[in-house]
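Novice: Here it is, the structure, as structure tokens.
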Amino acid sequence: MTSLLDLLAVPPALLALGEPTHGESAFLQIRNETFMSLAVQGYRSIALESDRAAGLIANEFVQGSTAVTLDRALTEGFSHGFGGAPANRDLLLRMREWNAGRPASERLTFHGFDAPLEIEGAPSPRHYLIRTCEFLGLDRSAEIDDLIGDEARWSDTAAIWEPGRSIGRSADAQRLRVIADELLIELYLNAPRLAGGWPAAFVQAMSAVAVLRYHAAAAAPLERAERFARLAGVRDALMAENLLQIRSAEAHRGPTLVFAHNTHLQRQSSTMTIAGKDVSWAGAGAIVASLLNDRYAVIVGSLGASPALGIGAPAPSTYEGRLQRGTMLPRYVRAAEIAAAERRTHDHRYFPLDQATIDHADAVLHIPTGVDAAMLADRILALPGVEQIVTNEENGSPEGAGGDRFFYVGPDRRQPFATIVDHDVPGFDDASQLDRPGVFRLNLDLGRAEFERLFGFPPKAFEEHRQEFDFTRLDTVVPHPGYALYGFGSIVMPGPHLLPEIDRLLAIAHGRAVDRHERAARRAADRPD
């Protein structure tokens, strides 16, 4: 792909990379590659659309802490369920590996920049207030617990749409806002003696302020459409505040990459029709862009098809359809080079490009298609003479092994040249952790020569090098954890940017299968009747 920074007129301090929908792994996988390449060019931090306070835990893992396991970093270090995305797991591991042995000035930092809430609701501020008190050595838990009362009255999702049920403007909530403000003052007063953990404590205190602000907004007596716009705007304002604070903390170390949904990053206002009424609000990107000017750049995400989300190919007349022309590989395109086109239908799985989004963006990242097992299978079946067997109970596959795909050339099916699997075989082939939701692995018969060219040692020496490989990592060609001795390699969840390399390796594996088939046919022809 074109180098991202080459598309920008001015090197930004805050570079925003958007996705048009959540759930398509290709955007996260390309984000990872982009961030690690930017790290080589001086970027030292990344901020994701995830709870900022939770992100402190993920960052502890990234910094090499032995107190935070990878599992904890994923379950507690992300909000909105984003820790379950395999590409987010890869991101943390790659950042931790980069940081090992590097000085503080070169280490990568992980941030969340969302508030600890969703449009539909917010928790109580108790956890964040107590954590701040613990850092300061203050005991105000009895007072805070008395004001919080029943946690259910804070988490009541109905209160978001019914202001009379919201606790946000009650006397208890007002008193808690005063306490949060008092704790912020105490943090500053005690900064000289508590500098070490101060930034994390500040995030906890600001998270308390954020949820109290949101609950106050939820209590405003507005009708449904204005109410939604106000709450969405408050959330984006909290995001913008976090981004500006993150930028301030990271300014001396290098630029920051931000990754989130396009609607949170775009420069123009967000709009939506609620109950038949059009409403708009300034998103985090619009707020930050107005304050940072050319120090903020935004690349919006565009998607052709997504097998994982059930999104089909776009019409040729749409923005996405025109971006598909000429290549099926992901690419960055200057926004100024994109001509006017039709807007794709919006079905809430995908927020399509429109002229306003393009006019206010610096560039577009277009991904023609996501990659899943069925899409790869179709690619393999397009090769000459290929047949597929999908395992099931009827053809004798072991219990739990159904759904594996085996690809052969010719009737001799003793050795497939490629397989696609999506589950572990406990005790034999579980190194790739294929039982994670949505994870699959492509396996290819590379042969000795290509195997050695890729990995630097022959198949027979694999066991001596096994510990050098992370078999769970996405987008990486590695020896097959079970069949490397026979010259097999594998790739877990390859993204669309790897399709050229997959095609190259498939050609090698397919060619080997064709040779085997032709040799077998010649031997059969030479046998006497």
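Novice: For MET272 paired with ASP150, estimate the spin-label separation in nm (one decimal), with each label point 7 Å from Cα along the Cα-to-Cβ line.
Specialist: Distance between the two pseudo-spin positions: 2.9 nm.
Novice: Could you pull out every residue, at least 5 positions away or on a different chain, whose amide H is within less than 5 Å of the one on HIS480? Hs are placed 1.01 Å off N in the peptide plane, and Pro or chain starts have none.
Specialist: For HIS480, whose amide H was placed from the backbone, the distant partners under 5 Å are PHE488, GLY489, SER490.
Novice: Residue by residue through the stretch 334-344, which ³J(HN,Hα) values in whole Hz follow from phi under the Karplus form 6.51 cos²θ - 1.76 cosθ + 1.60 (θ = phi - 60°), with glycine and proline marked x?
Specialist: For the stretch 334-344, the Karplus curve yields 4, 4, 5, 8, 9, 7, 4, 8, 7, 8, 5 Hz.
Novice: Right, another one. Keeping all protein chains in the complex and leaving out DNA, RNA and ligands, what accessible area do you get for PHE469 with a 1.4 Å probe, in Å² to the nearest 10?
Specialist: 50
Novice: Still on this structure, I have one more. Per the 1.4 Å probe, what fraction of the accessible area of the chain, in percent, lies on carbon and sulfur atoms?
Specialist: 53
Novice: Right, here's the next one. So with the 1.4 Å probe, I'd like the accessible area per residue for the stretch 325-460, rounded to whole Å².
Specialist: Ligands and nucleic acids excluded, the figure is 51 Å² per residue.
Novice: Restricting to bridges with both residues inside the chain, how much of the DSSP beta-bridge set is antiparallel, in percent to the nearest 5?
Specialist: So the antiparallel bridges in the chain amount to around 55 percent.
Novice: OK, next. So if R0 is 22 Å, what FRET efficiency would VAL10 and GLU106 give, r being the distance between their Cβ atoms, rounded to the nearest 0.05?
Specialist: 0.35
Novice: Between PHE457, ALA374, VAL203, whose Cα lies farthest towards the positive end of the dipole of the chain when Lys and Arg beta carbons carry +1 and Asp and Glu beta carbons carry -1, centred on the Cα centre?
Specialist: PHE457
Novice: What accessible area per residue, rounded to a whole number of Å², is obtained for the stretch 141-202 using a probe radius of 1.4 Å?
Specialist: 55
Novice: Let me check against my output: what whole-number percent is the relative contact order of the stretch 1-94, with C-alpha pairs under 8 Å and at least 6 apart?
Specialist: Relative contact order, the stretch 1-94: 24 percent.
Novice: Okay, next question. Gain in length, LEU138 to HIS252, computed as 0.36 nm per residue apart minus the alpha-carbon separation, to one decimal in nm?
Specialist: 37.8 nm
Novice: Okay, moving on. Run the quick spin-label model on SER317 and SER280: label points 7 Å from Cα toward the beta carbon, then report their separation in nm to one decimal.
Specialist: 2.6
Novice: Let me ask something else. If I take R0 = 41 Å and measure r between the Cβ atoms of LEU194 and ARG448 in this structure, what FRET efficiency does the formula 1/(1 + (r/R0)^6) give, to the nearest 0.05?
Specialist: Taking R0 as 41 Å, the efficiency between LEU194 and ARG448 is 0.10.
Novice: If you don't mind, another one. For SER37 and ARG466, what is the calculated FRET efficiency with R₀ set at 22 Å and r taken between the beta-carbons, to the nearest 0.05?
Specialist: Efficiency for this residue pair is about 0.20.
Novice: Also: Please tell me the relative contact order of the stretch 398-529 in percent, rounded to the nearest whole number, where contacts are Cα pairs under 8 Å and at least six residues apart.
Specialist: 25
Novice: Can I ask one more? Suppose all protein chains stay in the model; what accessible area per residue would a 1.4 Å probe give for the stretch 468-529, in Å²?
Specialist: 48
Novice: Would you indicate which of (i) 27.5, 95; (ii) 26.3, 98; (iii) 54.3, 210 is the value of Rg and Dmax of the Cα atoms in Å derived from the coordinates of this structure?
Specialist: (ii)
Novice: Note the full-extension length gain between ASP503 and LEU329 as 0.36 nm times their separation in residues minus their Cα-Cα distance, in nm to one decimal.
Specialist: Fully extending the segment from ASP503 to LEU329 adds 61.4 nm.
Novice: Rounded to whole Hz and in sequence order, give me ³J(HN,Hα) for the stretch 352-364 from the Karplus expression 6.51 cos²θ - 1.76 cosθ + 1.60, θ = phi - 60°, writing x for Gly and Pro.
Specialist: Computed from phi, the couplings for the stretch 352-364 are x, 5, 9, 5, 4, 4, 5, 4, 9, 9, 8, 7, 10 Hz.
Novice: Just round it to a whole percent: the fraction of Cα-Cα distances in the stretch 122-182 exceeding 14 Å.
Specialist: 56
Novice: Please report, in debye to the nearest 20, how large the charge dipole of the chain is about its Cα centre when each Lys and Arg carries +1 at its beta carbon and each Asp and Glu carries -1 there.
Specialist: 1080
Novice: Further question: Could you pull out every residue, at least 5 positions away or on a different chain, whose amide H is within less than 5 Å of the one on ASP114? Hs are placed 1.01 Å off N in the peptide plane, and Pro or chain starts have none.
Specialist: Amide H to amide H, under 5 Å and 5 or more residues apart or across chains, ASP114 pairs with SER50, ASP51, ARG52.
Novice: Under 15 Å from the 7 Å Cα→Cβ point of ASN392, by amide nitrogen: which residues of the stretch 426-446?
Specialist: What the label zone holds, given the 15 Å backbone N cut-off, is no residue at all.
Novice: Sticking with this one: Using the basic label-point model (7 angstrom from Cα toward the beta carbon), what is the GLN174 to GLU226 distance in nanometres?
Specialist: 2.2
Novice: Given an 8 Å cut-off on Cα distances and at least 6 residues of separation, report the relative contact order of the chain as a percent.
Specialist: Taking the mean separation of contacting Cα pairs over the length of the chain, I get 15 percent.
The values are calculated or read from the model by the stated rules, or taken from the named source; none is laboratory data. Quick caveat, the model's predicted, so the values are computed rather than measured. Cβ coordinates were reconstructed from backbone atoms using ideal geometry, including for glycine residues, and neighbour counts include every protein chain displayed. Please note that ligands, DNA and RNA were not included when accessible areas were found on the heavy atoms of the full protein model with its side chains. Shrake-Rupley method; radii C 1.70, N 1.55, O 1.52, S 1.80 Å.
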